[in-house]
Every structure is written in C-alpha cells, then in structure tokens.
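As structure tokens, the structure follows; a few thoughts come after it.
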C-alpha cells in the first residue's frame with residue numbers, strides 16, 4: 001500500500017477524474033469530513049446507502065373491538081392491535097400509547113381518527129383529540145348537520161393530524177368523544193392512531 005499526499009487534483013481539460021475501479025471500495029476514515037462547497041453538485045447514478053435518515057420510529061395502531069363509552073365524556077381509545085411498530089414503542093396492551101424511545105427525540109407527525117357509533121341511530125357529534133403527556137395538542141369534531149337529514153345517523157367519523165416536537169419519554173394518546181342516544185361506542189373499523197418521526 002502506498003500513500004499519495006497532494007493538496008489539489010485537477011483533471012485535464014474536458015476529462016473526468018476516476019478514483020478506483022470496478023469492485024473497489026473507497027474509504028473515508030472515521031473522523032474525516034467530505035466537504036462539498038456551495039454551488040457544487042453531487043450527481044449519483046449508482047446506489048446510495050446510509051444517507052439521510054429514515055421515518056422511524058413509525059407505528060399504526062387501531063381498535064380491534066368496539067369500545068363502549070359514556071356520552072359526552074372524553075375517553076382514551078383502547079388501541080389493542082398494530083399494523084406496524086418499528087421500534088416496539090406503542091403499548092397496545094396496557095396504556096395504549098406511543099412513547100418516544102431513548103435517542104429518538106425530534107419532530108413527529110401523527111394522524112388519528114375516532115369512528116363514533118350509536119345503537120339507536122341518534123348520534124349527534126363525534127370528537128377526536130391527540131394528547132401529548134396527558135394534555136391536548138390537537139382536536140377536531142364532526143357534528144350532525146340538520147340540513148342534510150331530519151334524522152341523525154348511527155355512524156360518524158372525526159379525524160385530526162398534527163406535527164409536534166417530542167423528546168425521549170414523551171407519550172402520545174388518542175381520545176374520543178361521542179354524543180347521542182342509545183349505546184355509544186368507538187367503532188373498531190375507524191378508530192386509529194398512526195405516527196412517524198420526520199427526517200431532519
């Protein structure tokens with residue numbers, strides 16, 4: 001192995017500098033910096049790996065059974081099932097919440113929905129809120145519109161989304177609200193909370 005010590009490598013006019021050959025590995029030592037000055041362009045025609053970041057932790061949790069609730073009372077959604085949970089950060093058995101893992105603080109986006117159900121088909125409003133550490137950070141309502149029909153329906157859905165800054169141990173929960181007659185429930189097919197970390 002030999003070492004080439006120079007300050008500047010300049011190609012001949014109209015040519016391209018090639019470093020290494022097919023199958024070779026070019027290594028930048030630990031602690032070194034590859035600086036690309038303003039106005040320069042990095043053009044990639046190959047495969048890039050290890051650059052940027054990933055949108056993880058990421059999860060989607062939902063209710064797999066209807067949840068009976070009290071009319072007009074904000075109630076935490078029991079999200080007992082998961083579609084994805086990259087970092088095992090969502091508790092689907094006890095607290096039904098997403099907790100930011102150690103070292104994963106940053107900006108996150110969340111989307112949640114509550115599907116409200118009323119057995120007497122007299123549902124009048126459904127609300128949804130996303131809570132951070134026990135306090136509301138975003139919310140929305142869907143109300144029965146008397147202009148559309150003289151009789152309220154038995155299903156309504158409210159949805160909400162937010163981008164929020166989190167640090168390790170912060171937690172996110174989904175709450176819902178249903179008003180109407182009969183037995184009120186969060187319907188399993190539309191009660192969902194999903195989120196992921198934004199690449200910074």
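Every read-out reported here was derived from the displayed coordinates using simple, explicitly stated rules and does not represent laboratory data. Remember, predicted model here, so these are calculated numbers, not experimental data. Reconstructed Cβ throughout: ideal geometry from the backbone, glycine too, with neighbour counts over all protein chains shown.
Overview of results
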quantity	calculated
Potential lengthening between residue 40 and residue 140 on full extension [0.36 nm per residue; Cα-Cα distance subtracted]	31.4 nm
Segment 52-179 shape via C-alpha gyration tensor axes, a/c threshold 1.5	prolate
Residues in segment 50-80 reached by a label modelled at residue 119 [backbone nitrogen below 12 Å; 7 Å Cα→Cβ]	68-69
Modelled FRET efficiency - R0 35 Å, residue 30 with residue 133, Cβ distances, 0.05 increments	0.40
At R0 = 22 Å, FRET efficiency that the Cβ-Cβ distance of residue 95 and residue 157 yields, to 0.05	0.35
Burial ordering of 26, 114, fewest other beta-carbon atoms within 10 Å first	26, 114
Ascending count of other beta-carbon atoms within 10 Å, so fewest first, for 38, 92	38, 92
Proxy reagent accessibility, fewest Cβ within 10 Å first, across 8, 93	8, 93
